[in-house]
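Worksheet for the structure shown next.
The values are calculated or read from the model by the stated rules, or taken from the named source; none is laboratory data. Just so we're clear, the structure is a prediction, and the values are computed from it rather than from any experiment. FYI the Cβ positions are ideal-geometry reconstructions off the backbone, even for glycines, and counts take in every protein chain you see. Remember, those area values only see protein heavy atoms, side chains included, never the ligands or the DNA or RNA. Shrake-Rupley method; radii C 1.70, N 1.55, O 1.52, S 1.80 Å.
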Amino acid sequence: MSSAISPRSRRSEAGLDRRCVLAGAAAGLLVSALPGRAATEPSPDLAQLIARVTEGVAPERGRITLSIPALAENGNSVDTRILVESPMTGADYVRWIHLIAEKNPFPDMARFHLGPRAGRAEVSTTLRIAQSQKVAVVAALSDGRFVMTDADIVVTLSACIDGG
Amino acid sequence: MSFNARITMPTEAKAGEIVEIKVLTRHAMDRGGQSDGKGGTVPRKILNRLTATYAGEPIFRFDMHTGVSANPFVSFTTRAVATGDIIFEWREDGGATYTRTARLTVT
C-alpha cells in the first residue's frame, strides 16, 4: 500500500520498533530475574527484624495508629503518620518509635526518640518504600514493654529501581 | 551540597500547650550504591540524625536511614514549658552539621 511515508522513514520506524521490542524483552528479563535473585538470597523475615529491634521481647499488638496509604503510586516518598496511645507522663511514655520495611534493601527505615516532654506520641515523616510489602511500627514504652502494628502497602512505582 | 530547612511551628503558645513542629528539609538523601561510572559505587550521603533541643534540653531525636525519602519531612510535638529557642541540628554522613533555630514564646 502506497503512502506518504518514505521508505526511509518506514525503515527507521521498523528499526525503532525492533529496538523497542529488544528493550522490552531486556526489561522483561531484568524484571523476571529480580524476584528470582531476591528469592535465592536468605531474606530476613519481619519477625526476626522486629526481634532484633526489641532485643528478643515479643511486642504486643495494638495501641498504635499507623496512617500509611494502602496504595502508593510512588515509593520514593510515602507520607506516614504514627500515633501511639500513651499519656506521655514522666512515669509512662513512649521511648522510641521504629519503622521497619522488610523488603527494603536496608529494612530499618527510621527511629523517632521521644520523651515525656513530647506531650503526645505523634510523629509523621516521608518514607522510601522499595516495593509492595508490609511496613511495621514498633514502639518502646518506658516500662520496658513493646507494642507494634503493621500495614500492607502496594507500591506502583518502586523506589530504588534506578542506578545500576 | 544544598541544604535548606523550613520549620513550621507556632511562634507563641500557652504554658502546657502541646505544639506541633513540622520540619521540611531540602536534601538529596543519596542512599549510595549506584555506579559512579568508574567501576566503583557512590557512597551514601544522607542526613542521618536530626536532634531538637528546647531551652537547653533535648526533646526529640530522629535517626534516619536510607528508608527516609529525599527532602525529608518530619513532624513531632512538644509541650510548651518556657520561652526559649528550639535548636535543630542535623548531622550528615561525613560529619557535616547544619543548625537552625526557632523561638517559642510561652505566655
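Residues of segment B:66-93 being within 8 Å of another protein chain (Cβ to nearest Cβ), surrounded by fewer than 21 Cβ atoms within 10 Å (Cβ to Cβ) and more than 11 Å from the chain's Cα centre (by Cα), which ones?
B:ALA70, B:THR77, B:ARG79, B:VAL81
Which one of these does B:ASP63 not meet: (1) among the charged types (D, E, K, R); (2) open to solvent by 40 Å² or more (accessible area, probe 1.4 Å); (3) closer than 25 Å to A:ALA121 by Cβ; (4) at the interface with chain A (Cβ under 8 Å from one of its Cβ atoms)?
(2)
In segment A:106-131, what count of residues is obtained for those that are touching a residue at least 40 places away in the same chain (Cβ under 8 Å) and within 7 Å of chain B (Cβ to nearest Cβ)?
8
Being open to solvent by 50 Å² or more (accessible area, probe 1.4 Å), outside the structural domain of A:ILE153 (by TED's automatic domain parsing) and at pLDDT below 90 narrows it down to one of A:ALA33, A:ALA58, A:ALA47, so name that one.
A:ALA33
Mind counting the residues in segment B:3-56 that are part of a loop (DSSP other than H, G, I, E, B) and of a type in the set (Ser, Thr, Tyr)?
Residues that pass the stated criteria total 1.
Does B:ILE7 count as more than 14 Å from every other protein chain (Cβ to nearest Cβ), within 20 Å of A:THR125 (Cβ to Cβ) and open to solvent by 30 Å² or more (accessible area, probe 1.4 Å)?
When the stated conditions are applied, B:ILE7 passes them.
Counting just the residues of segment B:31-53 that are at positive phi and open to solvent by 40 Å² or more (accessible area, probe 1.4 Å), which one comes out farthest from the other protein chains (Cβ to nearest Cβ)?
B:GLY39
Do you know which of the residues in segment A:42-88 that are of a type in the set (S, T, N, Q) and not in a loop (DSSP other than H, G, I, E, B) is farthest from the chain's Cα centre (by Cα)?
A:THR54
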